[in-house]
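See structure below.
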Amino acid sequence: MKIKIQLIYFFSSIILSACFLYCQQEIHEDKHAYLPKNMTSWERMMWGKNGLIRKHIYDPGDPEKEMKLRVNMLQTHQKLGLLTLAMLSNQSWMGWELNDGIESGNRDLALQKRHKILGMSTFAVYMTTAGFSLFAPPAQKKKKGLYSIKLHKTLAWIHFTGMLVQPWLGMYAGKANKYAFFKDNNISGDDLRSIHNTMGMVTTVSFSLAFL
């Protein structure tokens, strides 16, 4: 009789343990059920169930924690955006002053050096600002149609492209005559400088609208 009771107890323990493990597995599988179904390819790559950030850096594992992280990152993005806007505006003003001096035959080397240093600093702050938005967790509910965030992201394509092109234009503007590519295509340093200034204005204006 005792042996039967022990066998019953033994098999019951196995069954209960198996049920417990199965339930734990189900809970684990549903851990990220709150994730939006319509994530972009980038968001899925970073924040999907097996996303790079979630898997290797940090996984909030909870919708409230994830939303709090998103809000904090976007608030930092906004604050750094204000600093970037101030630096971009100053950089544009210095660029136009420098260009006017060159056209009048009075190149200000000190202003040119400050413009270059500020340009590198602005680029670094801009990329940091963009990073807080690009790597933030996705919104759990996405709105449809045209609204401020969608307009903000559309303008981002313009000023992001401008920020990538500007260092290249500025670097080659003063050395265009040293490269066969520019000579063969009749592109002078003045042409590159003019494009650089115009692109700087477009970048600053589009960033200003995106910030607003």
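The values are calculated or read from the model by the stated rules, or taken from the named source; none is laboratory data. All of these numbers come straight from a predicted model, not from anything done at the bench. With ideal geometry, Cβ positions are generated from the backbone for all residues, glycine too; neighbour counts draw on all protein chains shown.
If Arg44 satisfies all but one of (1) loosely packed, with under 15 Cβ neighbours inside 10 Å; (2) at negative phi; (3) without any contact (Cβ under 8 Å) to a residue 12 or more places away in the chain, what's the number of the condition it fails?
(1) is the only condition that Arg44 fails.
Does region 127-139 include one or more residues that are closer than 30 Å to Tyr58 by Cα, modelled with pLDDT of 90 or more, aromatic (Phe, Trp, Tyr) and surrounded by 17 or more Cβ atoms within 10 Å (Cβ to Cβ)?
Yes, that holds for at least one residue.
Does Leu52 fit the bill of being within 30 Å of Ala156 (Cβ to Cβ), at pLDDT 90 or above, in contact with a helix residue (DSSP H, G or I) (Cβ under 9 Å, 6 or more places away or on another chain) and loosely packed, with under 13 Cβ neighbours inside 10 Å?
Spelling it out, Leu52 is indeed within 30 Å of Ala156 (Cβ to Cβ), at pLDDT 90 or above, in contact with a helix residue (DSSP H, G or I) (Cβ under 9 Å, 6 or more places away or on another chain) and loosely packed, with under 13 Cβ neighbours inside 10 Å.
Only one of (1) in contact with a Phe, Trp or Tyr (Cβ under 6 Å, 6 or more places away or on another chain); (2) under 30 Å from Ser133 (Cβ atoms) is not met by Thr161, so which one is it?
So Thr161 meets the others, but not (1).
Out of Ser194, Ser206, Ser188, which single residue is surrounded by 13 or more Cβ atoms within 10 Å (Cβ to Cβ) and under 29 Å from Leu80 (Cβ atoms)?
Ser206
Please go through (1) closer than 30 Å to Arg193 by Cα; (2) touching a Ser or Thr at 6+ places or on another chain (Cβ under 7 Å) for Leu74 and return the number of the only condition it doesn't satisfy.
(1)
On the given criteria, is Ile117 surrounded by 12 or more Cβ atoms within 10 Å (Cβ to Cβ), more than 15 Å from the chain's Cα centre (by Cα) and among the β-branched types (Val, Ile, Thr)?
no
Taking Lys141 and the conditions (1) of a type in the set (Lys, Arg); (2) touching a residue at least 24 places away in the same chain (Cβ under 8 Å); (3) over 30 Å from Ile53 (Cα atoms), which numbered condition does it fall short on, given that it satisfies the others?
Result: Lys141 passes all but (3).
Taking the criterion of being under 22 Å from Leu74 (Cα atoms) and under 18 Å from the mean Cα position of the chain (by Cα), would at least one residue in region 165-178 satisfy it?
Among the residues of region 165-178, not one is under 22 Å from Leu74 (Cα atoms) and under 18 Å from the mean Cα position of the chain (by Cα), which makes the answer no.
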